[in-house]
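Below is one structure, written out as structure tokens; the observations come after it.
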Amino acid sequence: MTPVLRDMVQETRVHPNQLILPMFAVEGTKVREEIPSMPGVFHLSVDQIALEARALADLGLKAVLLFGLPAKKDEVGSGAYDEKGIVARAIAAIKQAAPALCVITDICLCGYTSHGHCGIVKDGHIANDPTVELLAKTAVAHARAGADMVAPSDMMDLRIGAIRRALDETGFPDLPIMSYSTKFASSFYGPFRDAAHSTPAFGDRRSHQLDPANAREAIAESLQDLAEGADIIMVKPALPYLDIVRRLREQTNAPIAAYQVSGEYAMIKAAAARGWLDEQRAIDESLTAIKRAGADLIITYFAGQALANCR
Ligand code: PBG
């Protein structure tokens, strides 16, 4: 009957140490531009992202996941592996402003290619192996800039092994990899693609991202990435795929991350803005459910907001 007893028997708690906030770095200075489909999430120039990261670290945030929007895009996504590119500069600025903050970087070409695909396009489709080489190059560039962990989100085949080898050979044998290992071809990435300007100019991502109908294949993809050397695996999106989080929890002993993606965020924000949901309760409930399913880490745009309310 009493709150104190209910708290004592509460089985699942979300802890601030396990929240990761995605952030978007853009060119320029003093840029702080709200993303229309993701209220409360901003495009930040390097100076601003450093300020914001420090403020959040002071509130107890432990980790950020960094995305970059380059000044120019081209066919081969060269902004991604440019050692002076937007992500490299943002890493350096964040590490300087908040040295203890764990800086994780997203590794994919889709934000850097003129056609918006996750790799090099040949004959109308993504050429897997040449793309993997560029992804490995991107991971090394981020490592050199000071990233604490890399997170490949591209879903190309055999990229985890290739990135592991590239990091080992360039002096980063201890740099961990969080693989977007089980990533579905989902409608819930819509707002992110607005934010990252990464909607494919033609076609879609179903050639390499998972069919939402396939659970066995989803498990196999994560197990494959563990075999190639991933340190942390991930399920993405989160809420529609809690069964997959649970099955992975039962089948592996690896740390599991779940990504509450842009569409999941936007749905809660949009409903709350209309008074149709209690925002704080919806945040608490969704994060708790993701943990209950078996995730250790949660990547969420609510991380900053949730810090204060973790129970
Ligand atoms: C890049 C990438 C995407 C997301 C994270 N990394 C988009 C996509 O695969 O199309 C989505 C994140 C979100 O929706 O919040 N490949």
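The values are calculated or read from the model by the stated rules, or taken from the named source; none is laboratory data. This one's a predicted model, so the numbers in the text were calculated from it and none came from an experiment. Because the Cβ atoms are built from the backbone with ideal geometry, glycine has one as well, and the counts that use them run over all protein chains shown. In case anyone asks, the SASA skips ligands and DNA or RNA and just uses the protein heavy atoms, side chains included. Shrake-Rupley method; radii C 1.70, N 1.55, O 1.52, S 1.80 Å.
Report the number of Lys pairs in the stretch 11-310 whose alpha-carbons are under 16 Å apart, with separation of 8 or more residues or on distinct chains.
7
Pick out which of 242, 277, 21 has the largest mean-square fluctuation in a Gaussian network model of the chain, springs linking Cα atoms closer than 10 Å.
Its mean-square fluctuation being the largest, the pick is 277.
Calculate how large, on average over all directions, the projected area of the Cα convex hull of the chain is; give the answer in nm² to one decimal. Before the final figure, lay out each step's value.
On the way: hull surface 64.7 nm².
Projected area, direction-averaged: 16.2 nm².
Check each of the chymotrypsin sites (Phe, Trp or Tyr not before Pro) in the stretch 174-224 and keep only those in coil by DSSP with at most 15 other C-beta atoms within 10 angstrom; list them in order.
Listed in order of number, the matching sites are 202.
Leaving out ligands, DNA and RNA, what percent of the accessible area of the stretch 11-310 is carbon and sulfur, probe 1.4 Å?
Taking all protein chains in place, the stretch 11-310 shows 51 percent carbon and sulfur surface.
If you line up the Cα atoms of the stretch 24-95 on their principal axes, what length do they span on each, largest first, in Å?
Projected onto the principal axes, the Cα atoms of the stretch 24-95 cover 40, 28, 20 Å.
Only Cα pairs under 8 Å and at least 6 apart count here; give the relative contact order of the chain as a rounded whole percent.
Reported as a whole number, the value is 19 percent.
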